[in-house]
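So the structure is just underneath, and the comments pick up after that.
Every read-out reported here was derived from the displayed coordinates using simple, explicitly stated rules and does not represent laboratory data. Computed from a predicted structure; not experimentally measured. Here Cβ is always computed from backbone atoms with ideal geometry, including for glycine, and neighbour counts include all displayed protein chains.
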Amino acid sequence: MRLSRSAAALAATAVMLGSAAPAVAAPSPSPSTPSGLYGTKDPTYDGVWRQSLALLAQDTVGVKPADRAVEWLLGQQCANGAFAPFRADPGEACDAKVMVDTNQTSAAVQALAALGGHDAATGKAVDWLKSVQNADGGWGYAPGGASDANSTSVVIGALTAVGERPDDVRKGGKSPYDALLKLALPCDEGGGFAFQPDKKGTLAANADATAAAVVGALGKGLAAAPGKKAPADCADGDLTPRQAAANGASYLADALAKNGHLTSALAGSADRPDHGNTADAVVALAAQGGAGQAAKAWRWLERNSAKWAQQNGPAAYAQLIFAAHATGVDPTDFGGGDLVELLNATGRAPKSTPYQGSARDEATNNPTYEVWWFVGACLVAGIGIGFLLSGRRRQP
């Protein structure tokens, strides 16, 4: 999942919080500076998001990130528990002009919970998330904004990460699942999820929201583990969250069936491949139990995503690592490249990796991960190098 409808959401956030984006972007910190920030692009709007995804992806493959990288993330938290995308001076208290949002706060919770030892920070963040829950049970990107599928889903992932039961987190008797089910479309309209109702209250499914909502409806997070049950057929009626997830997976499978990738939802870009949403769709399908249905899309990503990931940096590499994790394939052998090394190279060198020094196989020079392969249609017989599933104890 990417930052929820980022361009529109950021603009809305600036208006709602009474602050505007700077006319000139602040200088981007270098990964080699003491800040510990991953990536070199301006972090004003996505610093915490990309840092959280990078740290979570590293943990998912058994990499121990640099202490400075974790400290940078912790330094972006405000006293009320929310995370700002970027605070140039963490020693200065957050005020009303500091933009905070549910997406980056939830991503930070998922990363810090995975790393362990940060219960105070994650506890404050979750308390803040609960305090800005909407009456329909969901969350918008900015506090007080209308609930949307992406934001509600990433908050569900945060709740699960700290051991909360999302169905028990209620506002006015409504849970996050209630909010998602309100955005689910019937099977004769594809069975996907809408981002939000339009001004007339009409729902229109899109792949971005559907990929996020499938994972959220399953009670999983950004680094969702592979599911063990094949997706059910689309079914209407009194939907449960799990059936809504199955319906959404069916929608995604249909969307990917033609050429193995999704296309951009931006105006004027109908035929432009969307690498990020395709990676998210792979995670959603595999989390629902359809790794075989995701295999074609994964192969497309292997052939076509190297340049996109290089241009977009740590969050993009993390999305691809999450897709590898969900489908049970080796992230160190991605179209001839090593996603783990590429991600690590965008920031401070990690404290350790699972294949340093003697941990590499002397005969093949490949990482000697402790592995198991997800049994599904995407299983490649004869490959002995799988995927480390460490740190997934928080997944249901």
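Which semi-axes, in whole Å and largest first, does the equivalent ellipsoid of the range 168-306 have when worked out from the alpha carbon gyration tensor as the square roots of 5 times its eigenvalues?
Working: eigenvalues 113, 64, 36 Å².
Equivalent ellipsoid of the range 168-306: 24, 18, 13 Å, largest first.
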Size of charge dipole - the range 47-129 - debye, nearest 20, with Cβ of Lys, Arg +1 and Asp, Glu -1, no other charges: 180 debye
Spin-label pair Ala96/Asp254, simplified geometry with 7 Å Cα→Cβ offset, distance in nm: 4.8 nm
Phe334 long-range amide H proximity, modeled H, under 5 Å: Leu339
Cα-centred dipole magnitude for the range 70-216, charges only on beta-carbon of K, R (+1) and D, E (-1), debye, nearest 20: 260 debye
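Please work out how much length the chain gains when fully extended from Lys200 to Asp67, using 0.36 nm per residue of separation minus the C-alpha to C-alpha distance, in nm with one decimal. Intermediate values should be presented prior to the final figure.
Values: separation 133, 0.36 × 133 = 47.88 nm, distance 4.88 nm.
Extra length available between Lys200 and Asp67 comes to 43.0 nm.
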